[in-house]
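A short worksheet on the structure shown next.
None of the figures in this text is laboratory data; all of them are computed from the coordinates on show. Here the structure is a predicted model, which is why all the values come from computation and not from measurement. Glycine also receives a Cβ, built like all others from the backbone with ideal geometry; neighbour counts cover every protein chain displayed.
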Amino acid sequence: MTPGPDDLWFLPLGGCGEIGMNLNLYGHDGRWLMIDCGITFERLSAGAMQIQMADPAFIVARRDLLCGLVITHAHEDHVGAVARLWPQLRCPVYTTGFTAEILRRKLLEAGLTDAVPLHIVLPGDTSALGPFRVEWVNLTHSTPESQALVIGCAAGNVFHTGDWKLDGDPVVGARYPRCRYRALADESILAMVCDSTNALIEGHSRTEGSLYAGLQRVVCESAGRVVVACFGSNIARLHTLVQVAAATERRAAILGRSLGNYFRAARTAGLWDAQLRLIDSAHLGYLPRSEVMAIATGSQGEKGAALDRLAGGSHPDMVLEEGDTVIFSSRVISGNEEAVAALVRRLHELGVIVVQDGDGPEALHASGHPCRDELAQMYRWVQPRIAIPVHGEPDHMAANAQLARAVGVPRQIVGRNGDLFMLAPVPGIRRGAVPVGRLRHGAR
């Protein structure tokens, strides 16, 4: 199955009909371009988490036709499988500086640092990859330097959104380039391949900048130690929390490997404000309780994460006591409800005060994905001829397609992993064109 010079194809192997393990292919004139290469976590019956990723067998069999791998941003479901799958792909990799820093750490662990040709691009750059032209377009999302892609070839242009939101106060990084999005309407965008995560949620997502007030209020009202659980990749949230710590006369430290990795990557990439100081986590145990803020991994109840160890009294740097406070600056990802509930029960048994988003009048968490008003706005700006919802479960993608139809997008094509979306010369879909599956890697 090889695309011809008049063909423009979209083929998802992962992330279409599910949230996680994104792996997408575009085909044109005998060549393929891969967008993202991520993982997902499957919770096993014993509570351990197993790493899973899309099976790349289809493109591995055609790797001589693969122009390159483009990574849109630094979340695990977009970059987490690169080090594991690259030995089968053996293609150049293109991404921005911050994501490259995260990827370098993964390649180092895999012994691939010197093997992988890693090319750093800047937002606004255009890369020529075989018959494809790829323009990198800034987005706001919950990790820095996230990029949309305008993918062009002789058969047409596609706007691949990646993960995004319209955040007017992102805290870290540039605001979204409204003028560039609106200009796409004049560029004959054949299809918009679009994030569907929050397509069922009315309104507009919260800004990162809006969270400061709520977080500061909760910390101010806390007498003992404060632990804030959040996603490790959210550098803007980390900025906000360190600012809150300074304003409330607390010392902030990081607990958890992924938070440390993302923090160091942000510092190396020039995305960390040097005036915001963190202390070594080993010093937390020597401070008065009222001066402690620990920013921890484990908001999803992950076994062995920092918050799990604190709840079990086994963390080497700090012990939680009655009257301390744990703030969940996060949402519960579908499938993790029981694990998070069990973690909260353990914290309550210690006499710890638990505060979650929605418990008070002010927000403690902001999603990184667009709600319905943002989706509608982007469709109106870009004016694609075809809407292709991805990055969502079936009900999310159906809602995205319905919304696109309501705002005037002429055609919507909804499919699943392994379906071949034929964008040119004649739009259509071949269901189940390619076998798909998952690869599994250990448990933790």
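Among VAL116, VAL354, the ranking by other beta carbons within 10 Å of each residue's beta carbon, starting with the fewest, stands as VAL354, VAL116.
Relative to the longest principal axis of the Cα atoms of the chain, the long axis of helix 97-109 makes an angle of roughly 80 degrees.
Taking all Cα pairs closer than 8 Å and separated by 6 or more residues, the relative contact order of region 213-356 comes to 30 percent. Which residues does a label at ARG380 reach in region 200-242, if reach means a backbone N under 17 Å from a point 7 Å past the Cα toward the Cβ? Answer for this model: 202-205. Computed from the C-beta positions of ALA115 and ALA341 and an R0 of 60 Å, the FRET efficiency is 0.90 to the nearest 0.05.
Say a paramagnetic label sat at a point 7 Å from the Cα of LEU108, along Cα to Cβ; which residues of region 243-273 have their backbone N under 11 Å from it? The answer is 261, 264-265.
Taken along the Cα-to-beta-carbon direction at a fixed 7 Å, the label points for ARG289 and ARG175 span 4.3 nm.
Relative to the longest principal axis of the Cα atoms of the chain, the long axis of helix 372-382 makes an angle of roughly 40 degrees.
By the count of other C-beta atoms within 10 Å, a proxy for reagent exposure, LYS165, LYS303 are ordered fewest to most as LYS303, LYS165.
Full extension of the chain between ALA57 and LEU200 gives 48.2 nm of extra length, using 0.36 nm per residue less the Cα-Cα distance. Across the options PHE98, PHE159, LEU13, the greatest Cα extent toward the positive end of the charge dipole of the chain (unit charges at beta carbon of Lys, Arg, Asp, Glu) belongs to LEU13.
Consider the candidate values (1) 21.8; (2) 22.4; (3) 23.3; state which one is Kirkwood radius over Cα pairs in Å computed from the structure displayed. Given (1) 21.8; (2) 22.4; (3) 23.3, the structure-derived one carries the label (2).
Charging the Cβ of each Asp and Glu at -1 and of each Lys and Arg at +1, and nothing else, the dipole of region 10-79 about its Cα centre rounds to 140 debye. Over the chain, Cα pairs under 8 Å with separation of 6+ residues give a relative contact order of 20 percent. Can you tell which of LEU66, GLN275, THR325 lies farthest toward the positive end of the dipole of the chain, using +1 and -1 charges on the Cβ of basic and acidic side chains (Lys, Arg; Asp, Glu)? Going by the Cα projections, it comes out as LEU66.
Here the dipole of the chain is about 660 debye; that uses its Cα centre as origin and unit charges on the Cβ of Lys and Arg (positive) and Asp and Glu (negative).
Each residue in GLU145, GLU321 was given a count of other beta-carbon atoms within 10 angstrom of its own, and listing them fewest first yields GLU321, GLU145.
Report the paramagnetic label zone for LEU439: residues of region 63-101 whose backbone N is under 11 Å from a point 7 Å from Cα along the Cα-to-Cβ axis. Residues passing the 11 Å test: 81-90.
Once R0 is set to 60 Å, what does the formula 1/(1 + (r/R0)^6) return for the Cβ-Cβ distance between ALA213 and ARG416, expressed as a FRET efficiency to the nearest 0.05? FRET efficiency, ALA213 to ARG416: 0.90.
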